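Engineer: Submitted below is the structure of interest, expressed as structure tokens.
FYI, it's all coordinate maths here, none of it is from the lab. It should be emphasised that the depicted structure is a prediction, and the values quoted were computed from it without experimental measurement. Glycine gets a Cβ as well: all are built from the backbone with ideal geometry, and neighbour counts include every protein chain shown.
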Amino acid sequence: MDITQIIAFSFIATFIVILLKQYKPEYAMIAMIAAGIFILLFVINKLSSVIVLLEELTDKIGINKEFFVILLKITGIAYIVEFASNICKDAGESAIASKVELAGKIVIVTLSIPIFSTLIRTMSEII
């Protein structure tokens, strides 16, 4: 599925959600979440080739695989948190959205600790 199909699907889904909000508001949220998940699944499917390419590059350069995995996890968490936060905002729950964003930031910081500790160790060895 290319970007034009995703955009066409999103326009159709938006139209359906708008109609559902008028007649069956309880189903509009379900349709919105389903459309978002559908789009997310297609985008994630496209990312697998990019991840393979990045793994090949890290092997050639000699970067620690552990750092590469951490960076991929951080990137994935950032996108998933943004997706979840936007769904909460669309549902009118901005307070929950801000808590989801805070939780994502905390998880990202905890995941990045090995990178920071290696960086600090390296800097102390240089000094």
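Engineer: Quick check for the chain: number of Lys pairs with alpha-carbon distance under 29 Å, counting only pairs 8 or more apart or on different chains?
Structural biologist: Value for the chain: 17.
Engineer: Normalised by the number of residues in the range 1-72, what is the relative contact order in percent for Cα pairs under 8 Å and 6+ residues apart?
Structural biologist: 21 percent
Engineer: Distance in nm between label sites at Ile37 and Gln5, each 7 Å beyond Cα in the beta-carbon direction?
Structural biologist: Each label point is offset 7 Å from its Cα along the Cβ direction, giving 2.1 nm.
Engineer: With no solvent and one equal point scatterer placed on each C-alpha of the chain, evaluate the Debye formula and give log10 I(q)/I(0) for q = 0.17 Å⁻¹, two decimals.
Structural biologist: At q = 0.17 Å⁻¹ the computed log10 ratios are -1.01.
Engineer: Right, next: How far is the Cα center of the range 59-100 from the Cα center of the range 8-28, in Å?
Structural biologist: 27 Å
Engineer: Ok, one more. What is the chain's relative contact order, in percent, from Cα pairs under 8 angstrom and six or more apart in sequence?
Structural biologist: Computed over the chain, the figure is 16 percent.
Engineer: Order of 31-43, 52-64 by packing, highest average Cβ count within 10 Å first?
Structural biologist: The peptides rank, most packed first, as 31-43, 52-64.
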